[in-house]
Amino acid sequence: MLFDPTTDTRSGDQARKGRKQKGKAARMKRNTNHSPLAASLIGAGLILSGALFGAISVAHATGYSPSKIIGINPLVPVKVDGSNIPEALRPTLDAFGLVAVGNSGACSGTHIGNGYVLTAGHCFIDGDGPGVLSNEACATTKLYWGYRGSPATGTPKPLVTLVSKCVKIVHAELNDDRDYALLQVDQMPASSIPVAVEPARTTAGTPITIFGYPMGRPLEWSQFCSIQRSTVVGAPFDLPSRMAHQCDTQHGNSGSSMLAQGANGGLKVVGIHAASAPDPIRYNMGTYMLDIRKALQRAGINVERLSGAAQ
């Protein structure tokens with residue numbers, strides 16, 4: 001029987017308490033799931049038309065909480081058939097998986113090709129870092145691909161297109177500069193999204209979008225936002241290697257891929273979402289794909305070659 005997250009009572013990750021906070025990154029609010037996965041979808045989907053990254057509004061209301069939602073909540077619960085999101089995005093839906101980390105909780109992951117998955121490092125590394133994992137077993141982690149839809153929105157029972165087991169954590173890091181994990185799974189979904197291979201970081205102002213599993217709910221779409229700042233600097237911390245964005249996220253979105261449009265018109269992974277800045281700073285944060293690629297290269301790993309899906 002396929003996993004039914006609507007009846008799962010797994011507790012949220014980061015239930016480990018009493019840990020001493022370390023480093024600047026420890027002051028960020030991580031977006032791993034702190035709630036049971038038995039949350040219901042609410043709200044109706046919003047249909048957007050036009051080009052993939054056409055008219056994009058990044059205006060937000062005042063009074064927002066950067067730890068969860070920036071301004072009003074525009075997260076769109078994705079219907080089973082994807083009919084309430086732009087047509088150009090629908091082929092990607094099965095590339096997104098809910099990453100169930102043993103009994104610890106849930107993160108979001110993206111299949112980048114050949115059974116390799118990108119997510120956040122803090123989903124696997126204990127404490128607040130710094131930490132590194134390489135060729136680590138992950139047999140208790142499962143990935144539920146394409147998990148979307150809910151009776152709460154009048155759609156059919158939530159769909160899970162495939163369940164994979166994690167074979168190994170190829171490499172993962174958690175520090176002030178990077179927060180990512182590269183996994184290998186035993187069964188790969190039919191869809192994948194290639195990693196960006198440009199020789200420079202994605203610039204501020206670039207339109208992006210995010211899909212993920214906020215609070216462990218079925219797949220939700222952030223709609224469109226942009227990279228707000230190419231570095232995260234200033235009080236209360238200085239993280240020049242992180243990018244700032246204003247796509248709305250909640251706990252459970254950790255590891256969601258930050259997606260931009262490639263030269264061929266398709267999507268590419270330009271970063272991995274990991275955390276939100278504490279009040280009163282009004283943005284979320286992620287790790288650049290370029291920085292992830294370089295870190296993996298230093299570890300002797302060519303992620304483009306492994307995934308076979310670079311663009």
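Observations
- Residues in the range 99-129 that are over 16 Å from His251 (Cβ atoms) and in a strand (DSSP E or B) were compared, and the one that is farthest from the chain's Cα centre (by Cα) is Gly113.
- Hey, Ile72 more than 18 Å from His251 (Cβ to Cβ), buried (at least 18 other Cβ atoms within 10 Å of the Cβ) and modelled with pLDDT of 55 or more or not: no
- Filter pass, Lys165 being within 30 Å of Ser83 (Cα to Cα) and either crowded, with 22+ Cβ neighbours inside 10 Å or at pLDDT 95 or above (or both): yes
- Filter pass, Ala152 being closer than 25 Å to Val303 by Cβ, small (Gly, Ala, Ser) and either modelled with pLDDT of 95 or more or surrounded by fewer than 18 Cβ atoms within 10 Å (Cβ to Cβ) (or both): no
- Filter pass, Gly216 being touching a strand residue (DSSP E or B) at 6+ places or on another chain (Cβ under 7 Å), open to solvent by 20 Å² or more (accessible area, probe 1.4 Å) and modelled with pLDDT under 95: no
The values are calculated or read from the model by the stated rules, or taken from the named source; none is laboratory data. Given the structure is predicted, the values throughout are model-derived calculations rather than measurements. Every residue, glycine among them, receives a Cβ derived from its backbone with ideal geometry; neighbour counts consider all protein chains shown. Heads up: the accessible areas ignore ligands, DNA and RNA and are worked out on the full protein's heavy atoms, side chains in. Shrake-Rupley method; radii C 1.70, N 1.55, O 1.52, S 1.80 Å.
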